[in-house]
Amino acid sequence: RNIPVTTPARTISDLQRVASADEHRRAIRQAEMLGLDTGEGGEEDGTRSELERRFLLLCRRYRLPPPEVNVRIAGLLVDFAWRDRGLIVETDGYGFHRGRAAFEDDRARDLRLRQAGFDVIRLSYRQVVDRPEQVVSALRKALLRNPPAHTSH
């Protein structure tokens, strides 16, 4: 019908120039939920959001063991994982984790990850930004509960 269209990846790229950061992230999330190619490979450090970047920076600043970033575990894409310690951290921005559907989805994810043998810690933007010492204290305790398995040569 001669209606010009672009790919989802191009639309996402174009939105980055004209939409707010929150609107851009919502568009990416919606496209990902629909299984569309967003062209989003993430940042060089593997993060996909400001909150994830801030959490990774917190880990570095407080010299926590480096986590894997945005990896699949039990068929789910998780934000941060210490597989050898059985720990997963999900960083939940309010914009993407509010409402009944998000609430139920998050609990279903947690249950699936727990069934796979992982502890799950969910952190909000405010916790990461405003209470980093509290977050680091909780993470250190969780990491110490499950020391890494040492392999013998």
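The values are calculated or read from the model by the stated rules, or taken from the named source; none is laboratory data. If you're wondering where the values come from, they're calculated on a predicted model, not measured in any experiment. Cβ atoms come from the backbone with ideal geometry, glycine included; neighbour counts cover every protein chain shown. Accessible surface areas use protein heavy atoms only, side chains included; no ligands, DNA or RNA. Shrake-Rupley method; radii C 1.70, N 1.55, O 1.52, S 1.80 Å.
Provide the solvent-accessible area of T38, counting protein heavy atoms only and rolling a 1.4 Å probe, rounded to the nearest 10 Å².
Probe radius 1.4 Å; accessible area of T38 about 10 Å².
If you average the sequence gap of Cα pairs under 8 Å that are 6 or more apart and divide by the length of region 79-145, what percent do you get for the contact order?
Working: 55 pairs, mean separation 24.1, N = 67.
Relative contact order comes out at 36 percent.
Among DSSP beta bridges lying fully in the chain, give the percent that are antiparallel, nearest 5.
For the chain, the DSSP antiparallel bridge percentage is about 55.
Over the chain, with a Gaussian network built from C-alpha contacts below 10 Å, which listed residue (V78, V18, V128) shows the highest mean-square fluctuation?
V18
Name the residues whose placed amide hydrogens come within less than 5 Å of the amide hydrogen of E90, ignoring near sequence neighbours (fewer than 5 apart) on the same chain.
Sorted by chain and number, the residues that satisfy this are I121, R122, L123.
May I ask for the longest run of the chain untouched by trypsin sites (Lys or Arg not before Pro) that are loop-located per DSSP and have at most 11 neighbouring C-beta atoms (other than their own) within 10 Å?
Maximal segment without exposed cleavage sites: 2-62.
Given the rule -39500 (n - 2.57) for each run of at least 4 DSSP H residues, summed and divided by the residues of the chain, what is its mean residue ellipticity at 222 nm, to the nearest 500 deg cm²/dmol?
Result for the chain: -15000 deg cm²/dmol, rounded to the nearest 500.
Say we join alpha carbon atoms closer than 10 Å with springs in a Gaussian network model of the chain; which of L113, L57, L143 then has the biggest fluctuation?
L57
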